[in-house]
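S.K.: Before anything else, here's the structure in question.
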Amino acid sequence: MNNRNHILNSIWALIFMIMVIDLVILPFVPWWSLIFPTFAFGRMYTSGARSFFQAGMGSTLAWAIMVFFQYQAGGEIIVRRVSEMMGVSSPWILILITLLIPMIIGGLAGVSGFMLLGRKARNHTGQ
């Protein structure tokens with residue numbers, strides 16, 4: 001049981017779980033729905049900073065994988081045109097800018113989940 005708790009509290013295990021869940025749900029729901037898995041994992045985070053990092057990285061990695069596949073499937077034309085419209089010198093800079101969105105949204109949802117779910121669980125157990 002102790003080994004299982006250690007694996008679930010691992011930074012990379014939580015990032016991977018969030019990423020997989022986001023990859024499964026994002027094709028079927030609006031983009032902002034990535035907040036639900038990151039919020040739900042609030043009980044598993046150990047601190048506010050780690051919750052922001054883990055939730056943000058999990059959401060960002062899932063978003064990056066989806067952007068990469070959509071870019072390769074013909075989305076490079078749209079990205080190039082939008083980057084020209086916005087005055088960004090390279091389509092890759094636009095992609096990096098868009099990766100800030102899931103980092104911020106996922107991170108804030110993770111911190112919110114930690115503050116609401118994590119603290120409540122810790123108060124009941126006396127930790």
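The values are calculated or read from the model by the stated rules, or taken from the named source; none is laboratory data. Just so we're clear, the structure is a prediction, and the values are computed from it rather than from any experiment. Cβ placement follows ideal geometry from the backbone for every residue including glycine, while neighbour counts extend to all protein chains displayed.
S.K.: Report, ordered by the first and then the second residue, all pairs with beta carbons closer than 6 Å, sequence separation of six or more or different chains, a first member in segment 52-71 that is within 13 Å of VAL20 (Cβ to Cβ), and a second member that is crowded, with 16+ Cβ neighbours inside 10 Å and among the charged types (D, E, K, R).
M.R.: That search, which allows pairs on different chains as well, returns SER59/ASP22; ALA62/ASP22.
S.K.: From SER90, SER112, SER83, which residue is surrounded by 14 or more Cβ atoms within 10 Å (Cβ to Cβ), over 18 Å from PHE16 (Cα atoms) and out of contact with any Pro (no Cβ under 9 Å at 6 or more places or on another chain)?
M.R.: When all the criteria are applied, what remains is SER112.
Residue-by-condition table, conditions (1) modelled with pLDDT of 90 or more; (2) β-branched (Val, Ile, Thr); (3) within 17 Å of LEU117 (Cβ to Cβ):
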| site | (1), (2), (3) |
| --- | --- |
| ASN3 | no, no, no |
| PRO37 | yes, no, yes |
| GLY42 | no, no, yes |
| THR46 | no, yes, yes |
| ALA55 | yes, no, yes |
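S.K.: Condition (residue is at pLDDT below 90 and in a helix (DSSP H, G or I)) applied to segment 57-66: is it met by at least one residue?
M.R.: no
S.K.: I need a count of the residues in segment 76-104 that are among the hydroxyl-bearing types (Ser, Thr, Tyr) and either touching a residue at least 60 places away in the same chain (Cβ under 8 Å) or under 25 Å from PHE36 (Cβ atoms) (or both).
M.R.: Counting residues in segment 76-104 that are among the hydroxyl-bearing types (Ser, Thr, Tyr) and either touching a residue at least 60 places away in the same chain (Cβ under 8 Å) or under 25 Å from PHE36 (Cβ atoms) (or both) gives 1.
S.K.: Quick check on segment 25-61: of everything there that is surrounded by fewer than 16 Cβ atoms within 10 Å (Cβ to Cβ) and in contact with a Pro (Cβ under 9 Å, 6 or more places away or on another chain), which residue is nearest to MET103 (Cα to Cα)?
M.R.: Among residues in segment 25-61 that are surrounded by fewer than 16 Cβ atoms within 10 Å (Cβ to Cβ) and in contact with a Pro (Cβ under 9 Å, 6 or more places away or on another chain), the one nearest to MET103 (Cα to Cα) is TRP31.
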